[in-house]
Structure formats: C-alpha cells, structure tokens
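The values are calculated or read from the model by the stated rules, or taken from the named source; none is laboratory data. None of the values given here were measured: they were computed from a predicted structure. Using ideal geometry, Cβ is built from the backbone for each residue, glycine included, and neighbour counts are taken over all protein chains shown.
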Amino acid sequence: SKCKAFRASILHLLGDPENDLDSEKIEYWEDGLLLIVEGYVKSVGPAEVLLKTLPEGCEVIEYPNQLIIPGMIDTHVHYPQIDMIAAYGEQLLTWLESYTFPTEKQFSDKAHAADVAQFFLSELLRNGTTTALVFGTVHPESVDAFFEEAERLDLRMIAGKVLMDRNCPEYLQDTPEQGYEDSKTLIEKWHGKGRLSYAVTPRFAPTSTPEQLAKAGQLLSEYPDVYMHTHVAENKDEVAWVESLFPESRSYLDVYQQHELLRPRSVLAHCLHLDDDDKKCMSDTGSAAAFCPSSNLFLGSGLFDVADFKEKGVRIGMGSDVGAGTSFNMLRNSSDAYKVTQLSGGKLSAFQALYLATLSGAKALYLDDKIGNFEQGKEADFVVLNYDSTPLIKRRLKAATTLHDKLFALMMLGDDRSISATYIKGEQAKF
Ligand code: GUN
Ligand code: FE
C-alpha cells in the first residue's frame, strides 16, 4: 500500500470557527505531519508523535517553513470565459451581451473546448483549487471536453451544460426538449464516474422559458443526487427584468422555487438582492449561496453579507466566478471578501475566509464527507502554501506574531506565487 507523509506546518478546520481567533474548530501544528495512504487521509497531527508510529517504508516529504491546508473549493466558475476575463466597462446585462455570449459561441468546436478546459484546469491547480462547480456552455461538447480532462487528472469536479432557450443570441439557444435530452445524456455518461458529478445548469431565469425551467425540475426529480447550478439576484436591472418576465412569482428566487429547482445540492451564485423570505427559503430547501466577491466588485453588482446568511442558516461557499471575477486564486478572493465585508460593516477573519474556501464550500456542495479538511478517510487533495513568495510577504510575515496575523497577511498579499504545490489524492499535480 502506498504511504506518504508530509511534514510542514498544517492547518485545517473541524467546523465553523466564526471570527473567533482561538476557536476549538481550528487545528494547527507548527511542525505537523499529514499521513496519506492510497490517496486518502490516514491521520494528521504533531510530527513528533506521528513520526514514531510511521508505517514501514512510508516516504516522508518535507516542506520546511511552508503551510499545508486542504485543497480549496470554488463553488461557482465559468471555464468558457477564460478568453474574456477582465473585459472592460460593463455591468452584468451588457457585459453578457458584449463579451460573454460571443466568447461562448466558440464552444460548439470540441477541439477549442478541450484546449480551454485543459488551460482552465491547470490554472485552477496552479492556484490551489482542487474542486470546483463549473458552468459549461449551451453546447454538450463543452461538458464532454471538460469532464474528459478532469477525469484524466483524477479531479473531484462538478459541471453541466447550460440551459438557455430565450433572451440570448439564437446561436446559443437550445429548446426545452433538446436541453433536457442533452442534459440526460451527459448525466448518464458522466455523473458518478470517478470523482465527477453533473449539475443541471439553467443559466439564470431570464434566459429560460417557464417550460425549460420545468424540464430542469423534471431532470432533478429523475436524478435525485445531481446538482442544480444557476445565478440569482446579482444585479438590480436583472432583478427588475425577472420581475417583469415572471409576474406571478413573489421574487426572483421564487421563480426557481416554483419550478422545484431548490433542494440540497442546489447552488445559486451571488444572492445579493434577496429578502428575508428568500433567505429562509434558501435555508429551508438546503440550497447554498456562492459568494463571489471578486466578481461582485468587478461588475459593480453589490455587497454580499456573509454574517446575515450564516445567521439565517444558509450554506455558503466561495466562488471566483471567472470571467466576471478577475482571479481564480482563493487567497485573492479572500482578500476581496474581506474588503466586501468591511464595506458592509462586518468582519471576516482569515480563519473564516479559509473556512469559506474549504470546509464551508464542501458543506455547500454536500461533499464534507469527502473533502474540506483532513479528517481520517477524506480524499487527500491539499495545497502547500509558501510563506516567502515575495519580498514584501516575507518581510511582513517576519513581523507577524500569531498564526492569524500570518495567515491574514498571506491572504491579503498572496496570489498564485504563494501556492508552491497542489496535491491530488496524494500525488503532486503538474501545472
Ligand atoms: N448571469 C447569467 N450569466 C452570467 C454569467 O455568465 N456570469 C455572471 N457573473 N452572471 C451571470
Ligand atoms: Fe457566474
């Protein structure tokens, strides 16, 4: 049996640490050991103790002055939007028309999709993200290309074909029936294969007819453990548009509820302009919100209130939302999350940001039995963070006195240079 032990500083969370810097949910070893057998976590703890009981022949890999954390989880991202990331000057609806739709058109070409999927996944790994919930395009080929590459790399990934049958260019439209059939074929082909799962993916309420949303609901009832992935209440003009398209619905979120799209494993990006009843509905149905701070700032969409969603019992993950977000990196996104929280008068500790990017994301995806921390039996996807990746960070961290101070500065200042290695089921990923 293949045994590997990683010696470094090790940090993971056993639950929500809130903003308590001394929470008992925080487990940290300055000189720690992470023991992995056959790609799964066997144990984690102080090196001093664990080294004494190391199985015969177990390889020890040392990362001095580096920090091992669980692989990070991106709960909302668009792989086809790589070639339009950082597109100038628009808010959501005009941004979609001007940049997004023309870019997504190219994914009818499977070879193009495969090329972008390969780049995208290596970019995720280079940034320390090991699991993501991913939008494809309307083209089924886009999802085949994505899953083929994710399977080759043995990654835990969730993706789906976009459903959209109105209010977008004709070249990107499916129909309720075709979207249903194509999704079904993809579910049968990919869902549950290795570490892959399928997400039924209506883009957002404005681009689907009620007939299509009903078909999406039918798919969910036929496949109880697939995901549902969409956007909600990102932008005020979008909210007003949905009100005019669906006058019988109480709210934007209620459009999804009425079509039976809200349940455990439903993930809704943004959730910026929801009222208390909506938040209660999210909580009651076991749906999750993807907090996308970089995107929300870039498109000028609004400020997500983490504390309010938590208080109301809503599951929350962090999402890069690339191409509207401008970084895949969860340290960069944590930095934006902190600033967003500052603007709404709250607080977001480094431990809370780490929680959002790891265990809370795993809970949002109902995968906390498999990933999110280093509890025994979990899949050994993890990241090695370099404390000294730039002169400024190196200098600042020398002046840091506590773990929180160090981690917080690393989050505010770090980027892809801070990720020295990413491991997938105990094997170092190439990127
Ligand atoms: N709403 C509908 N489609 C999109 C998209 O591609 N990106 C973002 N950020 N919001 C959306
Ligand atoms: Fe998005």
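Okay, here's what the table says:
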read-out: Every pair of residues 6+ apart whose Cβ atoms lie under 6 Å, when the first sits in the range 161-173 and is under 16 Å from T230 (Cα atoms) while the second is at pLDDT 95 or above and of a type in the set (K, R); value: V162/R203; M164/R203
read-out: Qualifying residue in the range 148-169 (condition: surrounded by fewer than 16 Cβ atoms within 10 Å (Cβ to Cβ), more than 22 Å from L213 (Cα to Cα), among the aliphatic types (A, V, I, L, M) and in contact with a Phe, Trp or Tyr (Cβ under 9 Å, 6 or more places away or on another chain)); value: no
read-out: Members of the range 258-267 found to be away from ligand 1 (no atom under 16 Å from the Cβ) and in a loop (DSSP other than H, G, I, E, B), listed by number; value: H259, E260, L262, R263, P264, R265
read-out: H273 being over 21 Å from E104 (Cα atoms) and more than 14 Å from ligand 1 (Cβ to nearest atom); value: no
read-out: Cβ-Cβ under 8 Å pairs, at least 6 apart or on other chains, the range 229-240 side free of Cβ contacts under 8 Å to residues at least 60 places away in the same chain and hydrophobic (A, V, I, L, M, F, W, C), far side more than 11 Å from ligand 1 (Cβ to nearest atom) and in a helix (DSSP H, G or I); value: V232/Y252; V232/L253; V232/Y256; A233/V239; A233/Y252; A233/L253; A233/D278; V239/Y252
read-out: Residues (among the hydroxyl-bearing types (S, T, Y) and either crowded, with 21+ Cβ neighbours inside 10 Å or within 16 Å of ligand 2 (Cβ to nearest atom) (or both)) located in the range 215-268; value: Y227, T230, Y252, Y256, S266
read-out: Filtered residues of the range 291-342 (kept if touching a residue at least 60 places away in the same chain (Cβ under 8 Å), outside any helix (DSSP H, G or I) and away from ligand 2 (no atom under 16 Å from the Cβ)); value: N329
read-out: Residue match in the range 317-337 (condition: surrounded by fewer than 20 Cβ atoms within 10 Å (Cβ to Cβ) and of a type in the set (D, E, K, R)); value: no
read-out: Test: residue in the range 181-203 that is within 16 Å of ligand 2 (Cβ to nearest atom), in a loop (DSSP other than H, G, I, E, B) and closer than 16 Å to V143 by Cβ; value: yes
read-out: Residue, farthest from I316 (Cα to Cα), within the range 268-289, restricted to residues that are in a loop (DSSP other than H, G, I, E, B) and aliphatic (A, V, I, L, M); value: L274
read-out: Pairs where the first residue, in the range 255-271, is among the basic types (K, R) and the second is part of a helix (DSSP H, G or I), C-beta under 6 Å, 6+ apart; value: R263/T285
read-out: Subset of the range 57-96 (residues that are in a helix (DSSP H, G or I), within 15 Å of ligand 2 (Cβ to nearest atom) and of a type outside the set (S, T, Y)); value: P80, Q81, I82, M84, L92, L93, W95, L96
read-out: Flag if Q212 is surrounded by fewer than 20 Cβ atoms within 10 Å (Cβ to Cβ) and outside any loop (DSSP other than H, G, I, E, B); value: no
read-out: Only one of N235, N296 that is out of contact with any helix residue (DSSP H, G or I) (no Cβ under 6 Å at 6 or more places or on another chain), within 14 Å of ligand 1 (Cβ to nearest atom) and either at pLDDT below 95 or among the polar types (S, T, N, Q) (or both); value: N296
read-out: Residues of the range 176-202 that turn out to be crowded, with 24+ Cβ neighbours inside 10 Å and either within 16 Å of ligand 1 (Cβ to nearest atom) or in contact (Cβ under 8 Å) with a residue 60 or more places away in the chain (or both), as a count; value: 5
read-out: When residues of the range 47-79 are limited to those that are among the hydrophobic types (A, V, I, L, M, F, W, C) and under 16 Å from N329 (Cβ atoms), the one farthest from ligand 1 (Cβ to nearest atom); value: L67
read-out: Residue count, the range 299-309 (criterion: crowded, with 16+ Cβ neighbours inside 10 Å and more than 16 Å from ligand 1 (Cβ to nearest atom)); value: 4
read-out: Candidate set: the range 26-60, residues that are without any contact (Cβ under 8 Å) to a residue 24 or more places away in the chain, more than 16 Å from F382 (Cβ to Cβ) and in contact with a strand residue (DSSP E or B) (Cβ under 9 Å, 6 or more places away or on another chain); chosen: the one surrounded by the fewest Cβ atoms within 10 Å (Cβ to Cβ); value: E56
read-out: Residue within the range 368-384 that is more than 30 Å from S266 (Cβ to Cβ), surrounded by fewer than 20 Cβ atoms within 10 Å (Cβ to Cβ) and in contact (Cβ under 8 Å) with a residue 60 or more places away in the chain present; value: no
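Residue-by-condition table, conditions (1) in contact (Cβ under 8 Å) with a residue 60 or more places away in the chain; (2) over 26 Å from K430 (Cα atoms); (3) more than 16 Å from ligand 1 (Cβ to nearest atom); (4) not assigned by TED's automatic domain parsing to the domain that holds V383:
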| residue | (1), (2), (3), (4) |
| --- | --- |
| L93 | yes, yes, no, yes |
| T130 | yes, no, yes, yes |
| L133 | yes, no, no, yes |
| E151 | no, no, yes, yes |
